[in-house]
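A short reminder: the numbers here are calculations on the coordinates, not readings from a lab. None of these values were measured; they are calculated from a predicted model. Cβ placement follows ideal geometry from the backbone for every residue including glycine, while neighbour counts extend to all protein chains displayed.
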Amino acid sequence: MDAQPGLSLGLNAHISSPVSSHSAMLTDNSFSFPIPNPSVPWQQLLVDEDYKPLDKLKHEDEEEEDDDDDDDVDQEEEEDDDEEEEEGGIIDEEEAHEQKEQERKQHQTINFMGGGSFPVKRRHIEGSESYFPSKRFAADSNSNSNSNSTVEGRKASVLSWGNQPLGIADPEIFEIMEKEKKRQFKGIELIASENFVCKAVMEALGSHLTNKYSEGMPGNKYYTGNQHIDQLEFLCCERALVAFDLDPNKWGVNVQPYSCTSANFAVYTGLLHPGDRIMGMDSASGGHLSHGYYTMSGKKVSAASIFFETMPYKVNHLTGYIDYEKLEEKAMDFRPKILICGGSSYPREWDYGKFRMIADKCGAVLMCDMAHISGLVAAKEVASPFDYCDIVTSTTHKSLRGPRGGIVFYRRGAKPRKPGHVHYHGDDVNYDLEEKINFALYPSLQGGPHNNHIAALAVALKQVATPEYKAYMQQVKKNAQALASALLKRKCRLVTDGTDNHLLLWDLTALGLNDRNYEKVCEACHITLNKCAIYGSTSPGGVRIGTPAMTSRGCVEEDFETIAEFLLKAAQITSSIVQREHAKPFKDFVKNLQINKDISNLRNQVEAFSSRFAMPGFDF
Ligand SMILES: Cc1ncc(COP(=O)(O)O)c(C=O)c1O
């Protein structure tokens, strides 16, 4: 990338594309700048025997004040002071005070790279001059003041902080975390976007890698000391390409996004001007907020809609499948610059070929957000968006079963000769998506990547490329189908009558149930799933149910038949409560759930069932 005038010193060094892991040479295309003649002679760096640090000066000032109070002024010392002053050894009182004040202010500002700083708001502690964040800290530091007055005491205080296990260092947080661990273990997790990571991923996540700052692309980091982090990130990128069976000459990847929402926004930021047009699936049809969302009254909710113009396409309200004809018509009128496929609750295959055709017709870049199905894509258990799309984004924590974060893949190198595939990004021959997206992620939108996340993602991606992972994804699909047919057998209504992937949408309106009530009853029974709109309608609607998490715990088809029984029992309970307490407001409906006998019976069964299955990464 060319140097950009006006950017801070050396910035371009770390925002350019990653240096190839195959090449031994680091390219640094940062500014070169002349080194001025030294304004401070080197000799002055020798120790100045007359130097006194500011706190010493302050101390002396205080002593002087004390002495002033005393009638007995020590004439000799005064003379000494005068002498020093004459020699220029002492800064006058006002100046010293000014410097101290500046030092104090410095402590209240945070410097950010590029040299600027901004003030930090501190919590004010009543009746205290302290800038520490809490009263407790202030009190503790007072009680330690004796031991802190010696160097050894201070050393001991600092060292005591570093090596305590969580349970000792912070029992409050530890206890909350233990409760959450039990909740995860004893419940049935059916939220389609959730999963359980393995011990190795957790180890990498909770590691010293969080300590390192490493802005920039691997091989081109801003800070020094990144040799191992570079290696880590290169390896993670390499594994990402292997996991999705991608040719590194045709696809590049950035593993730094903090989340998929950030990855999506980086694509828009890199490729569009504010106000340009984006078209994605309507949130009520199963799309995601990060593809654009505004309310019926026109309030722009998602940043995609705040900064760009968004127009949604929808599913057919009779079939639940994407209405490609209407989509094409809308796209031709709206002419989006980015057309997005992929969503949060679509149980069927995406016809990427059709999307490509429409994108080409209206001149749009085709982007797929495969967040939900990325595990299935990697295992080749669903169609691959890589065959048709220019850009593919994903979360890393859903079916992919990695740590919480985002990832973005972009086409690189030569454009295909056949028509389509974005003509206007890059020149006639090559794509330039890589430079634009990498620059948007950093420095435009993010700061330092979370290296602990990148390491954990690399661990997960290594697993993704194994036959065991393929077996896992196959089981996820089998389980979704087993659950679907168990519900269909009992005359439940599923959107599109089934599923091609890991999730299904159960339309509760057919049972006369409200999605909100049912979701809460399930929660009280220790089953987590989420309400969702059906065919673009708002509540009451249905629920989305996914199989990745419980499959990670070892559930197979017959277990999902049991789960179907639990879900139906919960529906019965909801129905009878609603009939009994018809007019009660939702708040009261929720309040009484915990004391309902049927619910506690079902909860006991659910917990007994779940406790039979192993929990990856847990000690029990
Ligand atoms: C399709 C899709 N894209 C993006 C996201 C957002 O992911 P994140 O929470 O990592 O920002 C989700 C999350 O549910 C999603 O389903």
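For residue 365, which sequence-distant residues (separation of 5 or more, or a different chain) have an amide H within less than 5 Å of its own amide H, given hydrogens modelled in the peptide plane?
338, 339
Calculate log10 I(q)/I(0) of the stretch 190-316 for q = 0.11, 0.19 Å⁻¹, where I(q) comes from the Debye formula with a single equal point scatterer on each Cα and nothing for solvent.
-0.59, -1.16
Nearest 5 is fine: what % of DSSP beta bridges in the stretch 208-464 come out antiparallel, could you say?
DSSP beta bridges in the stretch 208-464 are roughly 45 percent antiparallel.
Sort the stretch 342-479 into rounded, prolate or oblate with this rule: let a ≥ b ≥ c be the square roots of the eigenvalues of the Cα gyration tensor; rounded if a/c is under 1.5, and if a/c is not under 1.5, prolate when a/b is larger than b/c, oblate otherwise.
oblate
Pull out a ≥ b ≥ c, the square roots of the eigenvalues of the alpha-carbon gyration tensor of the stretch 208-464, then state rounded if a/c is under 1.5, prolate if not and a/b is larger than b/c, and oblate in the remaining case.
prolate
Quick check on the stretch 261-324: take the gyration tensor over C-alpha atoms, sort the square-rooted eigenvalues as a ≥ b ≥ c, and tell me if it's rounded (a/c under 1.5), prolate or oblate.
Here the stretch 261-324 falls in the prolate category.
Please get the size of the charge dipole for the stretch 226-348, origin at its Cα centre, with Cβ charges of +1 on Lys and Arg and -1 on Asp and Glu, quoted in debye to the nearest 20.
It comes to approximately 380 debye.
Per residue of the stretch 271-280, what does 6.51 cos²θ - 1.76 cosθ + 1.60 with θ = phi - 60° give for ³J(HN,Hα)? Whole Hz please, x for Gly and Pro, Karplus curve as stated.
9, 10, 9, x, x, 5, 9, 10, 10, x
Can you list residues from other chains, or at least 5 along the same chain, whose modelled amide H is less than 5 Å from the amide H of residue 322?
Result for residue 322 returns 316.
Set the bar at 19 Å for Cα to Cα. Now go through 531/587; 179/569; 354/531 and name every pair that lies beyond it.
Distance filter (> 19 Å) returns 179/569; 354/531.
Give me the net charge of residue 553's neighbourhood, meaning all other residues with Cβ under 11 Å from the Cβ of residue 553; Lys, Arg count +1, Asp, Glu -1.
That sum, taken over residues with Cβ under 11 Å, equals -1.
About the Cα centre of the stretch 467-610, what is the dipole size in debye to 20, counting +1 per Lys and Arg Cβ and -1 per Asp and Glu Cβ, all else neutral?
So the dipole magnitude of the stretch 467-610 works out to roughly 360 debye.
For 157, 345, 394, 262, what ranking results if the residue with the fewest other Cβ atoms within 10 Å of its Cβ goes first?
Result, fewest neighbours first: 157, 262, 345, 394.
Test of the criteria: in the stretch 258-305, which trypsin sites (Lys or Arg not before Pro) are in a DSSP loop and have at most 14 other Cβ atoms within 10 angstrom of their Cβ?
Hits after loop and neighbour filter: 299.
What FRET efficiency would be calculated for the residue pair residue 186, residue 516, taking the C-beta separation as r and a Förster radius of 30 Å, to the nearest 0.05?
Step by step, r from the Cβ atoms, then E = 0.80.
Counting Lys and Arg as +1 and Asp and Glu as -1, what is the net charge of the other residues whose Cβ lies under 10 Å from the Cβ of residue 362?
That works out to +2.
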